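The values are calculated or read from the model by the stated rules, or taken from the named source; none is laboratory data. As the structure is a prediction and not an experimental result, all values here were calculated from the model. A quick note on method: Cβ atoms are made from the backbone with ideal geometry, for glycine too, and the neighbour counts reach across all protein chains shown. For accessibility, only protein heavy atoms count, side chains too; no ligands or nucleic acids. Shrake-Rupley method; radii C 1.70, N 1.55, O 1.52, S 1.80 Å.
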Amino acid sequence: MHEIIPTAAPRVTVLQHSSDVPLDRFARSLGEVRLVRLYAGDAVPALDECGDGLVVLGGQMNAYADDVAPWLPAVRALLAEAVAAGLPTLGICLGAQLLAVAGGGSVAIAAPPGREAGVVPVRWRREAWDDPVLAPVVQATGAQRPDDLEHPARTTAVVSMHADAVIEPPRGAQWLGWSDTYPYQAFRWGSALGVQFHPEASPSLAVRWALGHTDVDTAAVHAQVVAHDAVLAATGELLAAAFLDQVRAAVGREATAA
């Protein structure tokens, strides 16, 4: 069954692929959320059932693992429909990878650079300065104008935990951010933003993920997320609030058109 998290409007549908990759901090940041537990048998909603916005979380499977997660083809199709309809959409980690594939891009499974884990600095491209969701995050780096983003200090600390990676974004997408290990940390495809990192993850969740991987130094991850917790929390709040602003703006445009 779908879980309704009663908070304020707007209405956002969240797709959860794995029990251990939840909304976490975003549970209290995304307004009125309809949580669809795909791993527990909930059906992928139709576009007209998604409300005012769509969030696709991460998961333990890869973006092509239709045999493991038979709902993935429907999720990819929904993401393409959401962009075509202009529905504000946020894809996180696996969600971003599914978004890339839905738009004709591609994902490398167990990418050669290896797993990116812990707190990593993300650098921003000029295009991110005006992005409807990332702009507040980018400007929180202290940059005063787009040219400032070229300074190596203008980075954003984020939680990362992935071995697969987007190697080709959707056709026509804007490339927005990168890290030293992986280039496509953020991209925009129409109404959808994909982020490879985890703005929703608390320190306890990041450590729980680290414990599940033999190629991750859990103690190092713990030290990093605790040391950067205040910044990580602030970044997540900025991103969630900006996404809700995008949703409200889209709702306003629809109301005006009607």
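Among the residues of region 149-184, those identified as among the acidic types (Asp, Glu) and surrounded by fewer than 17 Cβ atoms within 10 Å (Cβ to Cβ) are GLU150, GLU168, ASP180.
The rows are residues; the columns are (1) touching a residue at least 60 places away in the same chain (Cβ under 8 Å); (2) open to solvent by 30 Å² or more (accessible area, probe 1.4 Å); (3) more than 14 Å from the chain's Cα centre (by Cα).
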residue: LEU90; (1), (2), (3): yes, no, no
residue: CYS93; (1), (2), (3): yes, no, no
residue: VAL133; (1), (2), (3): yes, no, no
residue: GLN139; (1), (2), (3): no, yes, yes
residue: ALA143; (1), (2), (3): no, no, yes
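One residue stands out among those in region 23-37 that are in contact with a helix residue (DSSP H, G or I) (Cβ under 7 Å, 6 or more places away or on another chain) and part of a helix (DSSP H, G or I): the one that is surrounded by the most Cβ atoms within 10 Å (Cβ to Cβ), which is PHE26. Only one entry of ALA74, ALA9, ALA85, ALA40 meets the criterion of being open to solvent by 40 Å² or more (accessible area, probe 1.4 Å) and modelled with pLDDT under 95, and that entry is ALA9. Criterion first (of a type in the set (D, E, K, R), in contact with a Lys or Arg (Cβ under 6 Å, 6 or more places away or on another chain) and more than 20 Å from VAL166 (Cβ to Cβ)) does GLU32 satisfy it? Criteria met by GLU32.
Restrict the check to region 211-222 and report whether at least one residue is outside any helix (DSSP H, G or I) and of a type in the set (Ser, Thr, Tyr). Taking every residue of region 211-222 in turn, at least one turns out to be outside any helix (DSSP H, G or I) and of a type in the set (Ser, Thr, Tyr).
Take VAL251 and decide whether it is part of a helix (DSSP H, G or I) and of a type in the set (Val, Ile, Thr).
yes
Close contacts from region 205-221, counting a first residue that is in contact (Cβ under 8 Å) with a residue 60 or more places away in the chain and a second that is in a loop (DSSP other than H, G, I, E, B) and open to solvent by less than 40 Å² (accessible area, probe 1.4 Å), with Cβ to Cβ under 7 Å and a gap of 6+ residues or different chains, come to ALA210/VAL216.
The residue of region 47-71 that is most open to solvent (accessible area, probe 1.4 Å), among those that are part of a loop (DSSP other than H, G, I, E, B) and without any contact (Cβ under 8 Å) to a residue 24 or more places away in the chain, is ASP67. Answer with yes or no whether PRO112 is open to solvent by 40 Å² or more (accessible area, probe 1.4 Å), under 30 Å from GLN224 (Cβ atoms) and assigned to a loop (DSSP other than H, G, I, E, B). Spelling it out, PRO112 is indeed open to solvent by 40 Å² or more (accessible area, probe 1.4 Å), under 30 Å from GLN224 (Cβ atoms) and assigned to a loop (DSSP other than H, G, I, E, B). Tell me whether region 234-242 contains one or more residues that are of a type outside the set (S, T, N, Q), part of a helix (DSSP H, G or I), open to solvent by 60 Å² or more (accessible area, probe 1.4 Å) and modelled with pLDDT of 95 or more. Scanning region 234-242, I find at least one residue that is of a type outside the set (S, T, N, Q), part of a helix (DSSP H, G or I), open to solvent by 60 Å² or more (accessible area, probe 1.4 Å) and modelled with pLDDT of 95 or more, so the answer is yes.
Keeping to region 186-197, report how many residues are in a loop (DSSP other than H, G, I, E, B) and open to solvent by 10 Å² or more (accessible area, probe 1.4 Å).
Qualifying residue count, region 186-197: 2.
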